[in-house]
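First up is the structure itself, then whatever we jot down about it.
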Amino acid sequence: MEIYLIAAIAIIALNALPAFAPPTWMALVFFLINYESNPVALVVVGVVSATAGRFFLAWYFRKFAHLIPTKFSKNMEYAGHYFTNHSTKRYALFALFFFSPLSSAQLFEAAGLMKTIKLKPLLLAFAAGRTVTYSTYVTGAAVLAATNFGEVLISQLKSPWAMALQIAMIAGLIALGSIDWKKRLRH
């Protein structure tokens, strides 16, 4: 039981980091392989902990938005209006949080800065999507546990492509906040 508590704390911490944290599925696979954890319990712990961590990430971006340059902050608020005033865009936003295979840190940072966006539906979409993906990864890891899968995971975490993807996601967040959303709302 102690290992699940350690896993929960680690996963919450990883998901509260704004960038460059290893994906949750890697942590789940690590605990599965190294501690012979129950895969179903591990997925449940992973989903709940990752969702809590992402909530905390969005919350502190929302709480400390006043520390961000005013123009950027206002643009993000207008982006929130842009996405919430159109039902099609709102559903697309929920689908993005459900299906996104990319790192969700920057998605939650953006949602935190968009004060009109309600976090609860995004968190539910995130949790539902992660239930599917974590189940897939943990099941696959259980099958591949006898291989040198850990070496593959570590090499992927350190890969230039993984780092470049994180930098691109941060640049995407900056680009999103640089758009004049107030002007787009008028159209």
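The values are calculated or read from the model by the stated rules, or taken from the named source; none is laboratory data. Computed from a predicted model, the values in this text were never measured in an experiment. Quick reminder, even Gly has a Cβ in these numbers, built from the backbone with ideal geometry, and neighbours come from all protein chains shown. We work out accessible area using only protein heavy atoms, side chains counted, and drop any ligands, DNA or RNA first. Shrake-Rupley method; radii C 1.70, N 1.55, O 1.52, S 1.80 Å.
Quick one: PHE108 ticks every box in (1) among the aromatic types (Phe, Trp, Tyr); (2) farther than 18 Å from VAL47 by Cβ; (3) at pLDDT 75 or above except a single one, so which number is it?
PHE108 satisfies all of (1) among the aromatic types (Phe, Trp, Tyr); (2) farther than 18 Å from VAL47 by Cβ; (3) at pLDDT 75 or above except (2).
State yes or no: is LEU17 exposed (fewer than 14 other Cβ atoms within 10 Å of the Cβ), out of contact with any strand residue (DSSP E or B) (no Cβ under 7 Å at 6 or more places or on another chain), of a type outside the set (Phe, Trp, Tyr) and touching a residue at least 24 places away in the same chain (Cβ under 8 Å)?
Taking the combined requirement at face value, the residue satisfies it.
Taking interchain pairs and intrachain pairs at least six residues apart, which have beta carbon atoms under 6 angstrom, with the first residue in region 22-43 and open to solvent by 50 Å² or more (accessible area, probe 1.4 Å) and the second not in a helix (DSSP H, G or I)?
From region 22-43, the pairs are ILE33/ALA145.
For region 117-130, name all the residues that are over 13 Å from the mean Cα position of the chain (by Cα) and either exposed (fewer than 14 other Cβ atoms within 10 Å of the Cβ) or not in a loop (DSSP other than H, G, I, E, B) (or both).
At the first step, the residues of region 117-130 found to be over 13 Å from the mean Cα position of the chain (by Cα) are 117-118, 120-121.
Those that are over 13 Å from the mean Cα position of the chain (by Cα) and either exposed (fewer than 14 other Cβ atoms within 10 Å of the Cβ) or not in a loop (DSSP other than H, G, I, E, B) (or both): LYS118, LYS120, PRO121.
If I go through region 49-77 residue by residue, how many of them are open to solvent by less than 40 Å² (accessible area, probe 1.4 Å) and of a type in the set (D, E, K, R)?
1
Is it the case that region 44-59 has a residue that's over 19 Å from the mean Cα position of the chain (by Cα) and of a type outside the set (A, V, I, L, M)?
The answer is no; no qualifying residue exists.
Of the conditions (1) out of contact with any Gly (no Cβ under 9 Å at 6 or more places or on another chain); (2) at pLDDT 90 or above; (3) more than 18 Å from THR84 (Cβ to Cβ), PHE126 fails just one. Which one is it?
(3)
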